[in-house]
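Everything below concerns the one structure shown next.
The values are calculated or read from the model by the stated rules, or taken from the named source; none is laboratory data. Bear in mind that the values here come from a model prediction, so they are computed numbers and not experimental data. Note: ideal-geometry Cβ built from the backbone for every residue, glycine included; neighbour counts use all protein chains shown.
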Amino acid sequence: MVMSVAMCWRRRPGIRHIAITMPAAAVVALSLSSTGPAHADTAPPVGTPATVSADPLPTWQVNGVVWSAVTVGNTVYATGSFTKARPPGTSQGSAQEVSRENLLAFDITTGTLLPFNHSLNAQGRRIVAAPDGSRIYVGGDFTSVDGVTRSHVAAFDTATGQLDSSFAPSISNTVRAIAVSSSTVYLGGNFFRAGTSTRSRLAAVSRSDGAVLPWAPATDDEVHALALSPDQSRVIAGGRFQTLNGEEHVGIGALDPASGTSLPWASRPIPTKADDTHFSYVTDLVVNGTTLYGAADGEGGHWFDGRFAANVNTGDLVWLDNCYGATYGLHVAGSVLYSVSHAHDCSSLGAFPQNATAWHRALAETTYATGNDPAPPGEGSHYAAQPIPTLLHWFPSLSPGTYTGQAQAAWAVTGTNQYLAVLGEFPRVNGAPQQGMTRFALRASAPNKVGPLNLDSLIPMVTSSTRGIARVSWESTWDYDNAQLTYEVLRDGSSQPVFTVTRRNNFWTVPTLVFFDTGLSPGSYHSYRIKVTDPVGNTVTSASSPSVQIRTTRSIIPPPTRLEPTPRTIPGSVTSTP
């Protein structure tokens, strides 16, 4: 379904740094199913794409930040601002640390650092591969590679690992964006000269010898991302610009790969800049088939921070995800779009509401639309009823880093259909030390050891107000990569459950579950534990509740049914449905 973007620029009440206090989780009947939009995981329902596991795999680390990465075969090439790499499980300064100057490579199947070793004299900003995988191209702030002059862009042979000696264009300033065709390398950034020719933030050079080509479109602000249509008939540019070739094209536009003239682009996912502190811009572009996926960052409050999909040949909108929390990188694997961001409000997807204290640094969603934005403009979305994807149940924990001073975690994501690499400046993954680079894999290649969280709230509360009956209640928990969890009620230290129930939930819908244990001897004492199991067999068991005496006299209140009858939900969350 193709729709144009219906925009509403009314600001949502409140900005991203205001903390919102929410009441405790609500009670949900065991006869009801606790459902929400994030159902897919490593063991999803039929018809829903599986995500990678949330188990971080052993991976070499860096002592700075990775800004960009690309995968060729099983090799991940990464660039950024760092000087050292070290094995997993080691700390900075360890004897095993080796030199890597702003550029490195590792095997995505093993996480092992590869011999590819070149020194950039300043940070790299973008790294991409040629369509045939024979070369990788790096752009950034650097002016030399291994002491050899390379003005903000360089190429490397993937077969030999050597610097391409014939490719040495001279670009006057930072290169942030690169796209490569069979014959041409397209460059974007914040430069104004290529070789001896004037260029306004966009240029093209020959793949064979780096010669500057006549291609010379112009923008009024920085270019952050470039992509090519599969048939190489269109170059898509994204960034901070408001005009392209003197015409209004806000944040994104299409260009002729030969002449540089503007081509039609039907949708406008990026809002027009309000002023120098209130604007959105494109940070990354990825093409898969005929669909272009874009990432955005919104500054100065909530403009547009999320992701969008459009037809690469027309610009027609496919869907728009208006989650709040700037998005930095994208990767498509099958029917799943992975992104890195600091998402803190995905109510526009019918998912988690505003939470200024719990940012989610990596997300997964369907590559295709599944519904329409349920949030009215000004209360969760700047866009009215646009097609949206489904947020999938994959929520690994990435801690914010300090290297850039921006309090962010991941800046780049890449991979294959089997493995995913997440890179940036984070110091920890799922609470364990791991700096800057980590990997995940689909269930078949993962250890699948990430299980339900053993929260203190899982310890059951037990009361007895009716003769022979104990009321056992507990707050459900959640799992980083599985929505469906099975709960067993264990009585008096026994390993045999007196009750079992399976529920689907996530971190923003953690209902209180209630079970009535009947037929108990009046005056007897009982305690209870809750055991939780995910679909791959990981379990957690709560501590035991205090022992409670079962009521001996008849209650004046009619005895309850076996299940709690009335569901409630957290305000702003998805309502439970039968």
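To keep it simple, each residue is scored yes or no on (1) part of a strand (DSSP E or B); (2) of a type in the set (S, T, N, Q).
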{"position": "Thr283", "(1), (2)": "yes, yes"}
{"position": "Val286", "(1), (2)": "yes, no"}
{"position": "Leu292", "(1), (2)": "yes, no"}
{"position": "Ala295", "(1), (2)": "yes, no"}
{"position": "Gly298", "(1), (2)": "yes, no"}
{"position": "Ala309", "(1), (2)": "yes, no"}
{"position": "Asn313", "(1), (2)": "no, yes"}
{"position": "Val318", "(1), (2)": "yes, no"}
{"position": "Tyr328", "(1), (2)": "yes, no"}
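If a residue has to be assigned to a loop (DSSP other than H, G, I, E, B), in contact with a strand residue (DSSP E or B) (Cβ under 6 Å, 6 or more places away or on another chain) and within 14 Å of Thr314 (Cα to Cα) to count, how many in region 228-251 make the cut? The qualifying residues number 1. Scanning region 60-69 for residues that are over 11 Å from Ile108 (Cβ atoms) and either among the aliphatic types (A, V, I, L, M) or assigned to a strand (DSSP E or B) (or both) turns up Gln61, Val62, Val65, Val66, Trp67, Ser68. Taken over region 391-421, the criterion of being of a type in the set (Val, Ile, Thr) and under 16 Å from the mean Cα position of the chain (by Cα) is satisfied by Val413, Thr414, Thr416. Here is the figure for region 349-382: residues that are modelled with pLDDT under 70 and in a strand (DSSP E or B) total 2. Set side by side, the residues Ser151, Ser68, Ser53 differ, and just one is more than 28 Å from Ser341 (Cα to Cα), buried (at least 16 other Cβ atoms within 10 Å of the Cβ) and outside the structural domain of Ala483 (by TED's automatic domain parsing), which is Ser151.
For region 257-277, a residue qualifies if it is crowded, with 16+ Cβ neighbours inside 10 Å and outside any loop (DSSP other than H, G, I, E, B), and the qualifying residues are Ser262, Leu263. If you check Phe499, Phe515, Phe507, which single one turns out to be in contact with a Phe, Trp or Tyr (Cβ under 6 Å, 6 or more places away or on another chain) and closer than 28 Å to Leu392 by Cα? Only one candidate qualifies: Phe507.
Among the numbered conditions (1) part of a loop (DSSP other than H, G, I, E, B); (2) touching a Gly at 6+ places or on another chain (Cβ under 8 Å); (3) of a type outside the set (Val, Ile, Thr), the only one that Gly80 does not meet is (1). Considering region 493-556, the qualifying strands (runs of 3 or more DSSP E), each wholly inside and each with 2 or more residues that are without any contact (Cβ under 8 Å) to a residue 24 or more places away in the chain, run over 497-504.
Scanning region 282-296 turns up no residue that is more than 14 Å from Ala227 (Cα to Cα) and hydroxyl-bearing (Ser, Thr, Tyr). Here's a check for you: in region 422-471, which residue that is buried (at least 24 other Cβ atoms within 10 Å of the Cβ) and under 28 Å from Asp492 (Cα atoms) is farthest from the chain's Cα centre (by Cα)? This residue is Ala470.
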